[in-house]
1. Looking only at segment A:52-68, which residues are of a type outside the set (Phe, Trp, Tyr), under 23 Å from B:Ala727 (Cβ atoms) and part of a helix (DSSP H, G or I)?
2. When you go through (1) within 11 Å of chain A (Cβ to nearest Cβ); (2) crowded, with 17+ Cβ neighbours inside 10 Å one by one for B:Thr610, which number turns out not to apply?
3. Within the bounds of segment B:636-644, is there any residue that is in contact with a Gly (Cβ under 9 Å, 6 or more places away or on another chain), touching a residue at least 12 places away in the same chain (Cβ under 8 Å) and under 30 Å from A:Met50 (Cβ atoms)?
4. Against the condition outside any helix (DSSP H, G or I), under 25 Å from B:Leu35 (Cα atoms), assigned by TED's automatic domain parsing to the domain that holds B:Pro17 and of a type outside the set (Phe, Trp, Tyr), how does B:Ser164 come out, does it pass?
5. Which pairs turn up if I take residues in segment B:521-550 that are assigned to a helix (DSSP H, G or I) and look for partners that are modelled with pLDDT of 90 or more with beta carbon separation below 6 Å, at least 6 apart in sequence or on another chain?
6. Taking into account only those residues within segment B:630-681 that are surrounded by 13 or more Cβ atoms within 10 Å (Cβ to Cβ), closer than 20 Å to B:Gly541 by Cα and among the polar types (S, T, N, Q), which is nearest to the other protein chains (Cβ to nearest Cβ)?
7. Being more than 8 Å from chain B (Cβ to nearest Cβ), among the charged types (D, E, K, R) and closer than 20 Å to B:Val634 by Cβ: is that true of A:Glu130 here?
Amino acid sequence: MNSIIFRTASHIVSGLMLLFSVYLFFRGHNQPGGGFIGALIAVIAFGLLMLSESPDYVRRQLKQTPLFMSLIGVLCLLAAAVMPLFFGQPLLTGLWWKEILPLGTPLLFDLGVYLAVIGGVLGILLKVEEELS
Amino acid sequence: MAQTRLNIALGSMVLLPFVLFMWVVFTYQPPLTQLSWPWVPSLDINLMFRLDGLSVLFAGLITGVGLLVQLYSLAYMKGKPARFSFHLLLTLFMLSMLGLVLADNILLLFVFWELTTLTSYLLIGYNHEEAKSRKNALQAMIITGAGGLALLAGLLMLGNLADSYQLSLIIERAPGYQNSVWFIPSLICVLVGAFAKSAQFPLHFWLPGAMAAPTPVSAYLHSATMVKAGVYLLARLLPVYGETALWGWSLGLAGAITGLWCGLLALRQTDLKLMLAFSTNVVLGKLVMLLGIGTETAVSAALLLIAAHAFYKAGLFMVIGIVDKATGTREYAQLRALKPVLGISFVAAVVGAASKAGFPPTMGFLSKEYMYKAGAYTDVFVTIAMVAINILLVTLALVLVMKPFLGEKDNHTAEIKPVEQYKLLWMPPLLLTCLGLIVPLLFLGQFQAIIIDPAMLAMLGNGSPEAVKLWSGINLALILSLLTLISGAVLYRFYTPLHQFLVRLTGALPNGPDVYARILDAVIKLASWQTRTLQHGQLSGYTLQFFIVLAAILVYGVYATGALPNLSFDAEFYEYAIGILMVGCAAIVLASPSRLTSIATLGMIGFLTTLIFMIYSAPDVSKTQLLVETLSVVFIAIVMRKLPLLNTVPKPSRRRRLVQLSVAGTIGLCMTLLMLMITSDPLDQSLPEYFSQYSYPIANGRNVVNVILVDFRAFDTLGEVVVVVVAAIAAISVVRRFRKGDEQ
């Protein structure tokens, strides 16, 4: 797209959206939000950049391929799933360390969802745009 | 370096059966040793193994003959390509076979059963560059695999009847469920599986087909082990099914027909290896017949015959392998006077053939004696069939020794290379065949104490059969034995006219491979017709098929639920407004001539749905819906730029559109009815209450939706995310494929 307004605005807006996406991801356990919703917002943010700049631009900014991201996500999921086994608990039990911050394996699990969905959906989006233009 | 590594690898392959053999010998304490490791305890599947007389007999043969076959293969396969994988496959096969005979859980047994099918497929098709080899391997796998499916069904029925998958429990509880309706069906299914594996008529033909394998494979799989798996299973289940009349009839008939018909087919062959293969069919028929009789004498005859057959048949196969190596042919018409060159092989062949013919004092003679004794107490027809089968075997044994090894050379005879300088080539067969002589002469007592008595205990429940003896005086069995030997020799005198007659006879009758090929062709034709009809490659057609199926399911769902919904409901005015807007949007989507309008309006419907979720205070769901709608509009907009304008595309035919209209209308109507029915009943509140009550105390989260996703139902999420990633990978590669197709 050639509109300079759209181009300039998209950078600001997508930046804000990415920030919002991370915010939604973190607050998800107690308030509306979570990994899946956060991931969709992030994908839309990248989609905006893709339309205003180019798919190649998004790829360069990401540094990693989307598929790699989604594989890291799946690894996070598996790690969160397997970790309780080392503490003698059944698969996928939530483990918590609340001494400093309320951290737990569900957060890692949600991070896995977040990364996997971003990688998967963004991968398709970029590919479709590249193949069709 | 590479050579050293290969040698170490091959050495370990040879060592393994030896170690296993020793393990079996030292672990086993007669009459029974049980081993168990938990595997899937919640499904009642444990790694349970059971060493009793029957399984130890098989395990000993599998590992012992396995060791000799590995040694023989070292010499036989020298210089052949992919030697290591050949030995590896043999080892894998040996392990699966060992698991099969030791397993004390029928599901475990089935897993090993299928593993033997798979590994034997790879072994039979080892010469994979020959079309015939591939075809016969596939044929063996399809037949034994189909039998395996029947067996699975039978075993599951049996397991449900006995309320346990543990073999020993099933046998123990057998009297409790023998009157059940499912008992006979399970028997039939098990029989189909066992008959397919043990190559009984009319499924006998895969075994001779499997001779496309290298000779060590035939010596191992088709003498001592794989084909005996069916016999093993029948022997194992004898205490469960043995009492039924169907058991006796079907086993007796199948065994007798297989024995007689395959004996005639064996006499018709000119290839020595094929002749041996058909005579394996004959022995399997004999074994099945003996198990069908199921008396004490018959079972001891069967056990003796299993051991005898493993010794002499594996040895004879190896001898044929040596002959093949020395002359390059297995056609007996081209083989004469091998004795001076292949002296040791000749000795092995003579001893093996003596056991095959049942010449005293071999193991084969012993088993034949007991066979006649068992037959004499049962039925005169059974005895006649047995005598006839054994006469054929005597003739075959004579053909096998006389034709290639004796006689005078003439100008048709193939050149003979002296191959007996390789020790590993002649030692295994000599040892095997001589075992058939040594065991009955020297170790008969031990054989009975270690194998026969415990096996009897396992199969028949009583452990004190009479002592097995070589000489038990002049009786009917001995007279029948003599008669058999004499008649076999007489039949051999008339071998040439008999052979010509059999060639003409079998030419006139339909044969197994042809029938099999015709059935296979029909299946392939059906499959390709179905593929052409359903997989036509048009996206709109696929979508239509999909929705037709959906409509059918929905109609059935509404029809099955029956009751008409309660149509009284109250809603606020803004809810009505949203509903009317949505219907209006849908109408615009249908009527609009521009794609862009349609897509935007479709997005609007999605956003209105979001609003409804908002009204019913489901912020997470509505957010997700909003974002998904946004993304799908982006996707469709990207794709749409490349589509031709709507008014340039020809409209589908009137009939097609009518079909589409009716399908869409049906789905809409049924969905509406179903939704009304669901909402007219009060919702079950126990789950929402549970989740909202425990979300914070247990899972440290106040957002119930998220807690369900990442904690309560995390396993579902795990699966879904993996599906998302896999779908993304697939979608990305599909888009790539299209591009390549375009370029071509």
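The values are calculated or read from the model by the stated rules, or taken from the named source; none is laboratory data. Bear in mind the structure is a predicted one, so any value in this text is a computation, not a measurement. Here Cβ is always computed from backbone atoms with ideal geometry, including for glycine, and neighbour counts include all displayed protein chains.
1. Our first condition is that a residue be of a type outside the set (Phe, Trp, Tyr); within segment A:52-68, this holds for A:52-56, A:58-67.
Retained after the next criterion (residues that are under 23 Å from B:Ala727 (Cβ atoms)): A:55, A:58-59, A:62, A:64-67.
Hits for segment A:52-68 are A:Pro55, A:Val58, A:Arg59, A:Leu62, A:Pro66, A:Leu67.
2. Going through (1) within 11 Å of chain A (Cβ to nearest Cβ); (2) crowded, with 17+ Cβ neighbours inside 10 Å one by one, B:Thr610 breaks only (1).
3. yes
4. Working: outside any helix (DSSP H, G or I): yes; under 25 Å from B:Leu35 (Cα atoms): yes; assigned by TED's automatic domain parsing to the domain that holds B:Pro17: yes; of a type outside the set (Phe, Trp, Tyr): yes.
In short, yes.
5. From segment B:521-550, the pairs are B:Phe547/B:Val663; B:Ile548/B:Val663.
6. Going through the qualifying residues, I end up with B:Gln660.
7. Numbers: more than 8 Å from chain B (Cβ to nearest Cβ): yes; among the charged types (D, E, K, R): yes; closer than 20 Å to B:Val634 by Cβ: yes.
So A:Glu130 fits the description; yes.
Residues are listed down the side, and each one gets a yes or a no for (1) surrounded by fewer than 23 Cβ atoms within 10 Å (Cβ to Cβ); (2) in contact (Cβ under 8 Å) with a residue 12 or more places away in the chain; (3) outside any loop (DSSP other than H, G, I, E, B):
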position: B:Ile306; (1), (2), (3): no, yes, yes
position: B:Tyr312; (1), (2), (3): no, yes, yes
position: B:Phe317; (1), (2), (3): no, yes, yes
position: B:Val323; (1), (2), (3): no, yes, yes
position: B:Leu338; (1), (2), (3): no, yes, no
position: B:Ser345; (1), (2), (3): no, yes, yes
position: B:Ala349; (1), (2), (3): no, yes, yes
position: B:Glu369; (1), (2), (3): no, yes, yes
position: B:Tyr377; (1), (2), (3): yes, yes, yes
